[in-house]
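Engineer: Questions regarding the structure given below will be posed in turn.
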Amino acid sequence: MKKNLKKILILLILFVLAAAGYFTWSWMQLREDGAVYTSIEDANLPVAYVNILGPRMNELDGFVEDSQKAAGRGDLTLLPADRKLSVTIDKLDSQITGMQYEIRSLDGERLVERTTLDHWEQSGEEVSAELPIQNLLTEESEYRLTIAIATEKHPAIYFYTRVMWQQESRVQEMVDLAVSFSEKTFDYDSARELTTYLETDPNADNSSLGHVTLKSDFSQLTWKGLSMERVSEPEIHLRELQGIIGTIDLKYVVSEMKDGKAAAYYDVIESFTMKLGAQRIYMMNYDRRADQIFTGESSAYSGDRIQLGVSDAEDLQSMQDEAGKYRAFVANRALWIYDTGKKESTKVFAFRKSENDTRVNYDTYGIKILDVSEAGQIDFAVYGYMNRGEHEGEVGIGIYHFDSVANTVEEEAFLPSTQSYQVMKSNIGQLIYENEDNELFIMMEGTVYKIDLSTRETKQVVSGLSEDSYAVSDTNEFFAYIDGTDTNAATRVHVLDFSDGSDYTIDAGDGQYIRPLGFMQGDFIYGLA
C-alpha cells in the first residue's frame, strides 16, 4: 500500500513539474524578445493604387465610412490626356460585387460626375479597372475623386485622392529624377553626380542620419559609408503640383547590412520639391528622414539610457512612474515599457507586424502616453487611421489600458472622428488629460469629452469651441472657455480644473468683453476690452 502511495506521489510530482514546465515554456514563448503583442486581428481591407507615371503610384488606403475630411488632403493623381485612369486594388479577401467612382469639387459641394462600373478584372487578391472619366473637368484644376467598392465581406470601402487633368505634362521627368536621385545615394560613386544639387553648409548638423537636406555634406547624403540596402520598393507619392513646381515623396524601408546579415532596419521618407525649367529640372528642396525600427533587444539598454538609434526625433515621447521603476516610450509608432529593475522591455502596442506590409505601415496614426503607474500599468491613446483590428478602416481615438500582470491591452473607449490625422494630432497636442480619479478629458472637433475609464461612460463637457474661444494650460490640467460662440463679444469665461473637477467663472465688467489668453504655471491669463 505504501509503495503504491509512493508511486502515486512521485507521478503526481512529475505531472506538476511537467505542467509547470509547459506553462513556463509557453510564457517564455509569449515573451520572446520581451515583446507582447495585443490580440489585434490582421488587416483585411484592400489597398488601391493609381497606375500613372509608373506602376502602383499613390497608394490609397481603404475607409469603411464615406468621409473625405477624415482622409485629409491626400495625394494628387494626374489624369492621363484621355482621362482614362487605370487603378489596381490589391490584397482583397473576397470577390468584388460592385464598383463606382465620384468626382466632386475639393470642398465636396459640387458633384461633377458619378459613374457605376460594370466591368473589372479580378485575379485572386488583385483587381484591375479603368475609370472612363468624362470631359467635364477644367484643365489644371483640382478635384476630389472617391472610388467605392463593395465585396462579399465588406458592404462598402472608400478610397480618396485629389485629381488634376493636364493635356501635356512633364511630371514624369520629376518622378524619374526623384527615383534616380534616391537610388544613387546608396552608391558612393554614382552619388557624385548629385553634388551639383548640394548646397553644403558648414553650419549644418551632420551628426545624425535621422535628417538629411541639401545643406548636409556628401557623407551624410551617402549614409556615412554604411552598407544600406532597400528592403521594400519605394512607394511613390505625388503630393503637390502648382504650375511648374511639384513635390514628390518616396517611402521605403532599408536595412543596414553587417557580415551579410541585416543588423538594423530603418523607415525612410524622402521628399523632393522640384521646379521645371526649359532645359533642366531644378531641385528646390530635398528632405530625407530616417527612423531606426526599434526591436527592444537587450543591447539597446545601458543603465537608465535607451538607445533608440538613428531617428529624426520628431515623434519620440516617454513617461515614467513616480518611483522611476517603469518607463513607457513610443518609437516608430509602437509603445514599449521598460522595467528598470529587471532590465526587460515589452512591446505593449503596435499595428506593425513586418517591415514591408503596406496595410499596417500606413503612417497616419499616432500614440499618446497618458499615465504610467508604479505597478507597470499604462493608459494610452491611439489616434488617427486604424490600420487593423476591430476598428480597421475607421478614424478616431481609442483609449487603452495595459495590465502588466496579465500582459493584456484592453480598449476602454473609442471615439470616432471625421477629422484627418493631421487635425487630430493638433487637437491631441492641445488637450488630453487623465486625473487620479481615472477620468480622461479630451478635445475632438470643438468638443471636450469626459470619459470615466472605470465605467466607460462618456459625457460632453463643452461643445461648439472655436479658435480663440478657449485656452489650455501646458500640463492640460486647466481649461478655460467663453460663454457663447462669438469670440469678440464674450462676457463670461469658465475655468475648469480637471485634476479635481472644480471650476469657477470670471465675468467682464459693464461695457466690457473678455477673452481667454492662456495659463502661466496654473495661473489663468485673460484679456478685457
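Engineer: For segment 89-117, what are the residues that are crowded, with 16+ Cβ neighbours inside 10 Å and touching a residue at least 40 places away in the same chain (Cβ under 8 Å)?
Structural biologist: I89, D90, K91, L92, I96, M99, Y101, E102, I103, R104
Engineer: OK, next. Looking at this structure, is Y158 surrounded by 15 or more Cβ atoms within 10 Å (Cβ to Cβ) and aromatic (F, W, Y)?
Structural biologist: Numbers: surrounded by 15 or more Cβ atoms within 10 Å (Cβ to Cβ): yes; aromatic (F, W, Y): yes.
Criteria met by Y158.
Engineer: Filter segment 312-349 down to residues that are crowded, with 16+ Cβ neighbours inside 10 Å and among the small types (G, A, S) and give me whichever is modelled with the highest pLDDT.
Structural biologist: Ranking the qualifying residues of segment 312-349, first place goes to A328.
Engineer: Go through (1) under 15 Å from D363 (Cβ atoms); (2) part of a loop (DSSP other than H, G, I, E, B); (3) without any contact (Cβ under 8 Å) to a residue 24 or more places away in the chain one by one and return the number of the condition Q279 breaks.
Structural biologist: Status for Q279: all satisfied but (1).
Engineer: To continue, here is another question. If I ask for residues that are in contact with an Asp or Glu (Cβ under 7 Å, 6 or more places away or on another chain) and in a loop (DSSP other than H, G, I, E, B), which ones from segment 134-155 would you list? Let's see the steps before the verdict.
Structural biologist: To start, the set of residues in segment 134-155 that are in contact with an Asp or Glu (Cβ under 7 Å, 6 or more places away or on another chain) comprises 134, 136, 146, 153.
Listed by number, the residues that qualify are Q134, L136, K153.
Engineer: Where in segment 388-486 are there strands (runs of 3 or more DSSP E), lying wholly inside it, with at least 2 residues that are within 23 Å of E65 (Cα to Cα)?
Structural biologist: Numbers: elements: 395-403, 408-416, 432-434, 439-444, 447-452, 457-462, 470-472, 478-482.
In segment 388-486, the matching strands (runs of 3 or more DSSP E) lie at 395-403, 408-416, 439-444, 447-452.
Engineer: Kindly check whether there is at least one residue in segment 166-177 that is open to solvent by 10 Å² or more (accessible area, probe 1.4 Å), of a type outside the set (F, W, Y) and touching a Ser or Thr at 6+ places or on another chain (Cβ under 8 Å).
Structural biologist: Start the filter on segment 166-177 by keeping residues that are open to solvent by 10 Å² or more (accessible area, probe 1.4 Å), which leaves 166-170, 172-173, 176-177.
Of the ones still in play, those that are also of a type outside the set (F, W, Y) are 166-170, 172-173, 176-177.
Now restrict to residues that are touching a Ser or Thr at 6+ places or on another chain (Cβ under 8 Å): none.
The answer is no; no qualifying residue exists.
Engineer: Oh, and also: Out of E142, E152, I need the residue that is among the charged types (D, E, K, R) and either open to solvent by less than 80 Å² (accessible area, probe 1.4 Å) or under 28 Å from I281 (Cα atoms) (or both). Which one? Reasoning before the result, please.
Structural biologist: Working: E152 fails: either open to solvent by less than 80 Å² (accessible area, probe 1.4 Å) or under 28 Å from I281 (Cα atoms) (or both).
That would be E142, the only listed residue that is among the charged types (D, E, K, R) and either open to solvent by less than 80 Å² (accessible area, probe 1.4 Å) or under 28 Å from I281 (Cα atoms) (or both).
Engineer: Considering only residues of segment 395-417 that are β-branched (V, I, T) and open to solvent by 30 Å² or more (accessible area, probe 1.4 Å), which is farthest from the chain's Cα centre (by Cα)? Let's see the steps before the verdict.
Structural biologist: Quick first cut of segment 395-417, residues β-branched (V, I, T) only: 395, 397, 399, 405, 408-409.
If we keep only those that are open to solvent by 30 Å² or more (accessible area, probe 1.4 Å) too, we end up with 405, 408-409.
On the way: V405: 28, T408: 23, V409: 19 Å.
For segment 395-417, the residue satisfying everything is V405.
Engineer: Same structure again: Among the listed residues R456, R388, which satisfies the condition of being surrounded by fewer than 17 Cβ atoms within 10 Å (Cβ to Cβ) and among the basic types (K, R)? Give the steps one after another, and end with the answer.
Structural biologist: Details: R388 fails: surrounded by fewer than 17 Cβ atoms within 10 Å (Cβ to Cβ).
So the residue among R456, R388 that is surrounded by fewer than 17 Cβ atoms within 10 Å (Cβ to Cβ) and among the basic types (K, R) is R456.
Engineer: For segment 266-293, give me each residue that is more than 16 Å from D249 (Cβ to Cβ), at pLDDT 90 or above, of a type outside the set (K, R) and open to solvent by 60 Å² or more (accessible area, probe 1.4 Å).
Structural biologist: Y282, the sole residue that qualifies.
Engineer: Here's another thing I want to ask about it. Within segment 17-72, take every residue that is surrounded by fewer than 16 Cβ atoms within 10 Å (Cβ to Cβ) and at pLDDT 85 or above and give me the one that is farthest from S345 (Cα to Cα). Let's see the steps before the verdict.
Structural biologist: First pass over segment 17-72, keeping only residues surrounded by fewer than 16 Cβ atoms within 10 Å (Cβ to Cβ): 17-33, 37, 39, 41-42, 54-55, 65-66, 69.
After this cut, where a residue has to be at pLDDT 85 or above as well, the list is 65-66, 69.
Working: E65: 37, D66: 40, K69: 38 Å.
That would be D66.
Engineer: Of the residues in segment 215-265, how many are surrounded by fewer than 16 Cβ atoms within 10 Å (Cβ to Cβ) and charged (D, E, K, R)?
Structural biologist: Residues in segment 215-265 being surrounded by fewer than 16 Cβ atoms within 10 Å (Cβ to Cβ) and charged (D, E, K, R): 9 in total.
Engineer: Going by the structure shown, is M284 touching a helix residue (DSSP H, G or I) at 6+ places or on another chain (Cβ under 6 Å) and either closer than 30 Å to V175 by Cβ or in a loop (DSSP other than H, G, I, E, B) (or both)?
Structural biologist: Details: touching a helix residue (DSSP H, G or I) at 6+ places or on another chain (Cβ under 6 Å): no; either closer than 30 Å to V175 by Cβ or in a loop (DSSP other than H, G, I, E, B) (or both): yes.
Judged against the criteria, M284 is not a match.
Engineer: Another question, then. Restricting to segment 487-513, give me the number of residues that are assigned to a loop (DSSP other than H, G, I, E, B) and open to solvent by less than 50 Å² (accessible area, probe 1.4 Å).
Structural biologist: Our first condition is that a residue be assigned to a loop (DSSP other than H, G, I, E, B); within segment 487-513, this holds for 487-491, 498-501, 508-513.
If we keep only those that are open to solvent by less than 50 Å² (accessible area, probe 1.4 Å) too, we end up with 487, 489-490, 498-499, 508-509.
The qualifying residues number 7.
The values are calculated or read from the model by the stated rules, or taken from the named source; none is laboratory data. None of the values given here were measured: they were computed from a predicted structure. Here Cβ is always computed from backbone atoms with ideal geometry, including for glycine, and neighbour counts include all displayed protein chains. Accessible surface is based on the protein model in full, side chains and every heavy atom, while ligands, DNA and RNA are left aside. Shrake-Rupley method; radii C 1.70, N 1.55, O 1.52, S 1.80 Å.
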